[in-house]
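Written below as structure tokens is the structure these notes are about.
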Amino acid sequence: MFRWLKIAACVGVAALGMPSAMAEDPAPVSLNALIHDDADAVAKLIAERRSNEGRAATMHFHLQNKAGRVRERTALMVHSDVEDVERIAIFFNKPAMIEETAFLSHNHEARDDENWLFLPATERVRRIPVSERGDNFMGTDLTYGDVNDNFKFGLDDWTFAHGGAEIEGDKTYVFLSGSAKTEAVRNELGYASFAAKIDLKTAFPVRVEYTDKDGEPLKIVHVHEIDVVGDAHTAMRFTAENLQTGHKTEVHFTNMRYVPNLDQSVFDPSALSYGVPEIG
């Protein structure tokens, strides 16, 4: 399923130019290694992609099934990356049937990630176990793990392989694939493997193809638009399509803004039941 065109090895590094994002990477690695052979370096570049201490936006979901029936949802998305913890909170406000439903993720560098879900009908905040990170997120074609990973690939989850590179105009792309390291990881993520096309300048995948736990083609994710918020590249519009069901999820953000002094109490699990917060 995953066949990537390799760029000729004779392409000169100087001709490609050093992407500015890589020049600022905390652990620089040669561009030649990224382009030609070092899959782990590419994965690390993505995992260490620059973030910022606070941003917020309105998140729009457009869900379409195989028959063409469409459902719309909106939510407040809040994100921060401080003190070695990346935090994401999503507070739904439309439609009425899921209003005040909230999701929270704490992605730790030094220990297991934590996820919580608040459902108004139950009036309680539920901890989502690691074993459920492959479950679908709120009826979309994203999993809890997808939302938590924020277009990154867990370094402890995958065995990576390099698939070569290509140049399109002024952009350099590398092709990275991964196989789940263990059966437990495969079952938790719901994926046996992935293959991704990575924009080196932004350290963002622009396309990811996933197989299911049995190795069958499952899903394609396309990142259509990336912008800079604060000093960090951010996905502004993307789609996820389930190849087995024909269901498709489109996500885009409006009113995306940098919030440098974001109140971190918004990421307290106990605050999920308080409703949609006011963010400056």
Cβ pairs under 6 Å, 6+ apart, first in the stretch 78-104 and closer than 18 Å to Tyr258 by Cβ, second hydroxyl-bearing (Ser, Thr, Tyr) and buried (at least 22 other Cβ atoms within 10 Å of the Cβ)
Arg87/Ser80; Ile88/Ser105
Taking the condition in contact with a strand residue (DSSP E or B) (Cβ under 8 Å, 6 or more places away or on another chain), among the hydroxyl-bearing types (Ser, Thr, Tyr), farther than 20 Å from Ser80 by Cα and open to solvent by less than 30 Å² (accessible area, probe 1.4 Å), does Thr202 pass?
no
Conditions (1) without any contact (Cβ under 8 Å) to a residue 40 or more places away in the chain; (2) surrounded by fewer than 16 Cβ atoms within 10 Å (Cβ to Cβ); (3) not in a strand (DSSP E or B) -> Ala271 fails only (2)
Does Glu225 fit the bill of being assigned to a strand (DSSP E or B), in contact (Cβ under 8 Å) with a residue 60 or more places away in the chain and acidic (Asp, Glu)?
no
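The values are calculated or read from the model by the stated rules, or taken from the named source; none is laboratory data. Everything numeric in this text was worked out from a predicted model, so none of it was measured. Methodologically, a virtual Cβ is constructed for each residue, glycine included, from the backbone with ideal geometry; neighbour enumeration extends over all protein chains shown. Ligands, DNA and RNA are excluded from the accessible area calculation, which covers all protein heavy atoms including side chains. Shrake-Rupley method; radii C 1.70, N 1.55, O 1.52, S 1.80 Å.
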